[in-house]
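The values are calculated or read from the model by the stated rules, or taken from the named source; none is laboratory data. Values in this document were obtained by computation on a predicted structure and should not be read as measured data. We place every Cβ from the backbone using ideal geometry, glycine too, and count neighbours over all the protein chains shown. Calculation scope for accessible area: heavy atoms of the full protein, side chains included, ligands and nucleic acids excluded. Shrake-Rupley method; radii C 1.70, N 1.55, O 1.52, S 1.80 Å.
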Amino acid sequence: QVQPVESGGGSVQAGGSLRLSCGTSGSIFGFATMGWYRQAPGKPRELVATSTSSGSTTYADSVKGRFTISRDNAKNTVYLQMNSLKPEDSAVYFCQAYAFGLGTWGQGTQVTVSS
């Protein structure tokens, strides 16, 4: 599978917003569950949000009400809109495309939230 490519990370002050994007192959996007995960230094990778091919979404409790995952099937892209960011949201954010029993990870994009 083609590796997803993330973009949109950066540095922001607490309370600010960022939008992450992840594009992947059009041959799988329509079938894939797209997920955003994050990993802070010294911590395991954790699920942030997922979006299935049918449009169902799930969120980690820590981001509910602040983050929104959405997908544009015409652009083969999934987004993560992050609002009201907190310092504890700082991490490398990874995109995963899961389809046909195989998950493929992107390289990650750094998000840093300063207090």
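Placing unit charges on C-beta atoms (Lys and Arg positive, Asp and Glu negative, everything else neutral), compute the dipole magnitude of the chain about its Cα centre in debye, rounded to 20.
60 debye
Within the stretch 15-115, list the chymotrypsin sites (Phe, Trp or Tyr not before Pro) lying in a DSSP loop whose Cβ has at most 10 other Cβ atoms in a 10 Å radius.
The qualifying sites are Phe100.
If each DSSP helix of 4+ residues adds -39,500 (n - 2.57) and the sum is divided by the residues in the chain, what number results at 222 nm, nearest 500 deg cm²/dmol?
The helix contribution divided over the chain gives -500 deg cm²/dmol.
FRET efficiency for Ser70 and Ser115, Cβ-Cβ distance as r, R0 = 35 Å, nearest 0.05?
Plugging the Cβ-Cβ distance into 1/(1 + (r/R0)^6) gives 0.80.
Which whole number of Å³ per residue matches the convex hull of the alpha-carbon atoms in the stretch 1-55?
With only Cα atoms used, the stretch 1-55 gives 114 Å³ per residue.
Leaving out ligands and nucleic acids, and using a 1.4 Å probe, what accessible area per residue does the chain come to in Å²?
50 Å²
Stokes-Einstein D for the stretch 1-105 at 4 °C, 1.567 mPa s, Kirkwood Rh over Cα pairs, in µm²/s?
94 µm²/s
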